[in-house]
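*Asks:* The structure follows.
The values are calculated or read from the model by the stated rules, or taken from the named source; none is laboratory data. Just so it is clear, the structure is predicted and the values come from calculations on it, not from any experiment. Because the Cβ atoms are built from the backbone with ideal geometry, glycine has one as well, and the counts that use them run over all protein chains shown.
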């Protein structure tokens, strides 16, 4: 009687709220024996106790893909970026290929990027890998032919595609057409450290009106000069790396851009190619810099296998 009265009073005071929170009606009295006092107390406690929330999944369960169900908010797999259209074919021999102006190719190949297309003309697989992975020649090794066989590659992509995404597209194109397998490894390699000379820098600040450029000039008197216009010293170090055959690290700590003019030996400058390692090691001293030999860990890309003849376009 006390239990029934309590329930009736509670329903009268709480009304609809009780009706909404009531989980399920109790079983009809005629189907159960008369409760004892202990049973009545236990029933009251059972009725009053709120339902326990479902336990949170353990870390082990949450991390097990076999025991979880992806939700609608789960990120989709990254889409593979590729060129819209791309052709890869063996290039004409370097000693017979000519440019549009009728001048003979030097064999070094050329790379050009426009707003919606990239052209790699007469380049080696090694040169393609350099562009795809932003590496220097001395950071790539593999079969000997990756430095001799030449190819013409033309590719298109949407206007506004970032350069780093173009590089990824080129990586996929190389893998697909040359069937490459490769790995990377770190090695302690000889490097040059670009530092300030004992007498301090003798650098000329860059003119803001001149665009960045690099090249060489040869005077009528036969003197030659390498010119790096509008370069930071970090950019200058990268440019030197291409010439001296090993990585150059900038340790000058100097900010700003400069016009760097280096006197070099004219016999080291030939049409279409530049061999300046010896001259540049001495020439940097003229602008108050120096190149010290050192060692540093460097990433290497090792081509294990590759197909010399690219697959059909």
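*Asks:* Among (1) on the phi > 0 side of the Ramachandran plot; (2) modelled with pLDDT of 80 or more, there is one condition residue 222 misses while meeting the rest; what is its number?
*Replies:* Every condition holds for residue 222 apart from (2).
Residues checked against (1) at pLDDT 75 or above; (2) out of contact with any helix residue (DSSP H, G or I) (no Cβ under 7 Å at 6 or more places or on another chain):
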{"residue": "228", "(1), (2)": "yes, no"}
{"residue": "242", "(1), (2)": "yes, yes"}
{"residue": "248", "(1), (2)": "yes, no"}
{"residue": "257", "(1), (2)": "yes, yes"}
{"residue": "276", "(1), (2)": "no, no"}
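*Asks:* Scan region 88-95 and tell me whether some residue there is part of a loop (DSSP other than H, G, I, E, B), under 23 Å from residue 180 (Cβ atoms) and either under 20 Å from the mean Cα position of the chain (by Cα) or modelled with pLDDT under 90 (or both).
*Replies:* yes
*Asks:* Here's a follow-up. Would you check which residues across region 137-157 are out of contact with any strand residue (DSSP E or B) (no Cβ under 9 Å at 6 or more places or on another chain) and at pLDDT below 95 and list them?
*Replies:* If the condition is that a residue be out of contact with any strand residue (DSSP E or B) (no Cβ under 9 Å at 6 or more places or on another chain) and at pLDDT below 95, then 137 is the only one that fits.
*Asks:* Take the residues of region 129-155 that are surrounded by fewer than 17 Cβ atoms within 10 Å (Cβ to Cβ) and without any contact (Cβ under 8 Å) to a residue 40 or more places away in the chain: which is farthest from residue 166 (Cα to Cα)?
*Replies:* By that ranking, first place goes to 144.
*Asks:* Could you pull out every one of the strands (runs of 3 or more DSSP E) wholly within region 202-313 that has 2 or more residues that are over 24 Å from residue 131 (Cβ atoms)?
*Replies:* 213-218, 224-231, 258-264, 289-305
*Asks:* Also, quick follow-up: Could you say whether any residue in region 182-190 is closer than 17 Å to residue 87 by Cβ, at pLDDT 95 or above and in a strand (DSSP E or B)?
*Replies:* no
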